[in-house]
Amino acid sequence: MTQQDTFLDSLRGQYIMAQALEVAIDTLEKVEPSYMREVSNIADMKFLREKFNFPVGEFSKVQILDFIEKDTTDA
């Protein structure tokens, strides 16, 4: 198993991916004018979020950030 696989399998890795996808989707959906939105990228990110079962719905962005900060300071 590669280092990347190990990281993605970890709780921290899943939180990082969840956070990155949520922030990216939220940011891209707000792009104005609307014709500048990268709709296919947003759709792909939502697909990744759903298919990889990242714990997005279970935790708010604040909780994810708090967990990451705590995990980093405990290391």
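The values are calculated or read from the model by the stated rules, or taken from the named source; none is laboratory data. As the structure is a prediction and not an experimental result, all values here were calculated from the model. Every residue, glycine as well, gets a Cβ built from its backbone with ideal geometry; the counts of neighbours run over all protein chains shown.
How many of the residues in region 25-42 are modelled with pLDDT of 95 or more, surrounded by 11 or more Cβ atoms within 10 Å (Cβ to Cβ), in a helix (DSSP H, G or I) and among the aliphatic types (A, V, I, L, M)?
3
Taking the residues in region 5-41 that are more than 15 Å from the chain's Cα centre (by Cα) and of a type in the set (Gly, Ala, Ser) as candidates, determine which candidate is nearest to Lys51 (Cα to Cα).
Restricting to residues being more than 15 Å from the chain's Cα centre (by Cα) and of a type in the set (Gly, Ala, Ser), the top hit is Ser40.
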